[in-house]
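Undergrad: Supplied in structure tokens, the structure appears directly below.
The values are calculated or read from the model by the stated rules, or taken from the named source; none is laboratory data. What you see is a predicted model; the values in this text were computed from it and never measured. Here the Cβ positions follow ideal geometry from the backbone for every residue, glycine too, while neighbour counts run over all protein chains shown.
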Amino acid sequence: MIGDALLIALYAAVGAGAAGLVGTAALRLLRNRSVTLSLAVVAAVTVAAMLAGTLLVSWAMLLSDHDLWVVTTVCAMAAVVSMTVALVLGRRVVKGSRALAEAARALGDDGRFTPPAAAPTAELAQLSRELAATSARLTESRERERTLEASRRELVAWISHDLRTPLAGLQAMAEALEDGVVDDPGVYHTRIRTEVERMGTMVGDLFELSRIQAGVLTLAPTRMSAYDLVGEAIAGVDALAREHGVRLVGDGVDPVPIEVDGREMSRVLGNLLINAIRRTPADGTVAVSARRQATGVVLSVTDGCGGIPPEDLPRVFDTGWRGTHARTPPAGAGLGLAIVRGIVEAHQGRAAVSNVPGGCRFEVHLPAAG
Ligand SMILES: Nc1ncnc2c1ncn2[C@@H]1O[C@H](COP(=O)(O)OP(=O)(O)OP(=O)(O)O)[C@@H](O)[C@H]1O
Ligand SMILES: [Mg+2]
């Protein structure tokens, strides 16, 4: 009895194994074809394995013809049903992946991805989610690119305007001098020098900004005292403050060590101080401070400008932005604060602005010296 059972198992295994081998070879041949075919092969292998096993057993054990006919019919019915199910599932998967391919093509064409209504399998659903995330990232970076491009175009327009106006003036003055129709050439000479200096500063700012934006600003950080840095910056704008009748106060300066590129950070403080002095009315005060905080050091410049309109606060650091009142000469080019932000961020720091009673305060947050 046990011998019979073993023999039956052996014959069935041989039959099923043969069907499995043929099936595997067929799947290999079909690996680049539709998933429907592979599913049909899997269903066919299942039925063929059963049938082959049964036929072998019946041949070896001489089962009656009737029994064999019964088993074969059962297997044939099973084959029809399982093939139908395989075809239905295959069509669903094919339809789902076609819809996904269509959506992916649209993503390539116009950058918009509309995920198909329902994915037939978890894997396709996952792929669809990944594509949706990629599409969102693409849209975001395209948007960023567009605003950057727009601001670059705007900047070029402003800069050309800002350079053309003084150039026209210089030309007129030079011609007048040449023709000898000027009563007091000394005044012209002074004006020419001032204009040239202003344009030189602007070109220098543009150069600095392009180095920052191209990421080629190389810093040479050294350890220094915030006290010295602020002291030097104040000394540098002393004459300008006196000219505007503005008082400079630097008494809130802690002698904290910072690790910065001295030249670049002096430029940051210089830009902030010049802005503050220019926008503070005569008899007003500009205060500078340097404070140690838990996260590092905060340098700040507080002026008496009367406050910046809240809707303008997020824009002041943008390249080329300047307040509407500042359009007439000798307005700057709107580069100073963009340079400030660029240099501060190159130091792993952060530049911020807020309104305070009577004016506004610009802050530079720097990480603590290591
Ligand atoms: N301390 C300040 N108080 C009030 N408004 C300020 C101050 N600093 C900057 N702003 C506003 O932000 C704008 C941008 O400043 P930014 O320094 O970038 O340009 P600018 O001073 O106009 O020109 P540039 O610095 O290139 O000579 C200014 O035009 C001004 O409207
Ligand atoms: Mg400025």
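Undergrad: Among the residues of segment 90-126 satisfying the criterion of being loosely packed, with under 15 Cβ neighbours inside 10 Å and not in a helix (DSSP H, G or I), which is farthest from the chain's Cα centre (by Cα)?
TA: The extreme case among them is 121.
Undergrad: Then there is this: Which of the residues that make up segment 267-293 are of a type in the set (Gly, Ala, Ser) and either within 29 Å of the chain's Cα centre (by Cα) or near ligand 1 (Cβ under 7 Å from one of its atoms) (or both)?
TA: 276
Undergrad: Right, another one. Considering only residues that are of a type in the set (Gly, Ala, Ser) and either within 60 Å of the chain's Cα centre (by Cα) or not assigned by TED's automatic domain parsing to the domain that holds residue 47 (or both), which ones fall in segment 6-22?
TA: Here is the first cut: in segment 6-22, the ones of a type in the set (Gly, Ala, Ser) are 9, 12-13, 15-20.
Answer for segment 6-22, where residues must be of a type in the set (Gly, Ala, Ser) and either within 60 Å of the chain's Cα centre (by Cα) or not assigned by TED's automatic domain parsing to the domain that holds residue 47 (or both): 13, 16, 17, 18, 19, 20.
Rundown of residues vs (1) aliphatic (A, V, I, L, M); (2) in contact with a Phe, Trp or Tyr (Cβ under 9 Å, 6 or more places away or on another chain), yes/no style:
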site	(1), (2)
107	yes, yes
116	no, no
131	yes, yes
156	yes, no
170	yes, no
175	no, no
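Undergrad: Further question: Look at segment 145-174 and say how many of its residues are surrounded by fewer than 11 Cβ atoms within 10 Å (Cβ to Cβ) and at pLDDT 90 or above.
TA: Here the count works out to 4.
Undergrad: Would you point out the residue of segment 195-210, among those that are closer than 20 Å to residue 152 by Cα and of a type outside the set (A, V, I, L, M, F, W, C), that is farthest from ligand 1 (Cβ to nearest atom)?
TA: Restricting to residues being closer than 20 Å to residue 152 by Cα and of a type outside the set (A, V, I, L, M, F, W, C), the top hit is 210.
Undergrad: Criterion first (over 27 Å from the mean Cα position of the chain (by Cα), in a helix (DSSP H, G or I), surrounded by 12 or more Cβ atoms within 10 Å (Cβ to Cβ) and not acidic (Asp, Glu)) does residue 84 satisfy it?
TA: For residue 84, the condition - over 27 Å from the mean Cα position of the chain (by Cα), in a helix (DSSP H, G or I), surrounded by 12 or more Cβ atoms within 10 Å (Cβ to Cβ) and not acidic (Asp, Glu) - is met.
Undergrad: When both residues are 6+ apart or on different chains and their Cβ atoms are under 9 Å apart, which pairs have a first residue that lies in segment 300-323 and is among the aliphatic types (A, V, I, L, M), and a second that is surrounded by fewer than 19 Cβ atoms within 10 Å (Cβ to Cβ) and at pLDDT below 90?
TA: Within 9 Å, the pairs are 308/323; 316/323.
Undergrad: Continuing with the same structure: Out of the residues in segment 340-363 that are within 17 Å of residue 208 (Cα to Cα) and either in contact with a strand residue (DSSP E or B) (Cβ under 7 Å, 6 or more places away or on another chain) or among the aliphatic types (A, V, I, L, M) (or both), which is nearest to ligand 1 (Cβ to nearest atom)? Quick ask: steps written out before the conclusion?
TA: Filtering segment 340-363 down to residues within 17 Å of residue 208 (Cα to Cα) leaves 340-347.
Within this subset, residues satisfying the condition of being either in contact with a strand residue (DSSP E or B) (Cβ under 7 Å, 6 or more places away or on another chain) or among the aliphatic types (A, V, I, L, M) (or both) are 340-341, 343-344, 346-347.
Working: 340: 7, 341: 9, 343: 13, 344: 13, 346: 17, 347: 18 Å.
Among those that are within 17 Å of residue 208 (Cα to Cα) and either in contact with a strand residue (DSSP E or B) (Cβ under 7 Å, 6 or more places away or on another chain) or among the aliphatic types (A, V, I, L, M) (or both), it is 340.
Let's see how each residue does on (1) within 23 Å of residue 13 (Cα to Cα); (2) hydroxyl-bearing (Ser, Thr, Tyr); (3) touching a residue at least 12 places away in the same chain (Cβ under 8 Å):
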position: 37; (1), (2), (3): no, no, yes
position: 44; (1), (2), (3): yes, no, yes
position: 65; (1), (2), (3): yes, no, no
position: 75; (1), (2), (3): yes, no, yes
position: 98; (1), (2), (3): no, no, no
position: 111; (1), (2), (3): no, no, yes
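Undergrad: Take the residues in segment 136-193 that are under 37 Å from the mean Cα position of the chain (by Cα) and basic (Lys, Arg); name whichever of them is farthest from residue 319 (Cα to Cα).
TA: The extreme case among them is 137.
Quick grid of which residues meet (1) surrounded by fewer than 19 Cβ atoms within 10 Å (Cβ to Cβ); (2) within 20 Å of residue 342 (Cα to Cα); (3) in contact with a Cys (Cβ under 8 Å, 6 or more places away or on another chain):
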{"position": "255", "(1), (2), (3)": "yes, no, no"}
{"position": "265", "(1), (2), (3)": "no, yes, no"}
{"position": "275", "(1), (2), (3)": "no, yes, no"}
{"position": "283", "(1), (2), (3)": "yes, no, no"}
{"position": "299", "(1), (2), (3)": "no, yes, no"}
{"position": "305", "(1), (2), (3)": "no, no, yes"}
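Undergrad: Of everything in segment 320-339, what is more than 6 Å from ligand 1 (Cβ to nearest atom) and modelled with pLDDT under 85? Give them in sequence order.
TA: Result: 320, 324, 325, 327, 328, 329, 330.
Undergrad: Looking only at segment 133-144, count every residue that is exposed (fewer than 12 other Cβ atoms within 10 Å of the Cβ) and either at pLDDT below 90 or of a type outside the set (Ser, Thr, Tyr) (or both) and tell me the total. Don't jump to the end; show me each part of the working.
TA: So in segment 133-144, the residues exposed (fewer than 12 other Cβ atoms within 10 Å of the Cβ) come out as 133, 136-137, 140-144.
Then drop every residue that is not either at pLDDT below 90 or of a type outside the set (Ser, Thr, Tyr) (or both), which leaves 133, 136-137, 140, 142-144.
Within segment 133-144, residues that are exposed (fewer than 12 other Cβ atoms within 10 Å of the Cβ) and either at pLDDT below 90 or of a type outside the set (Ser, Thr, Tyr) (or both) number 7.
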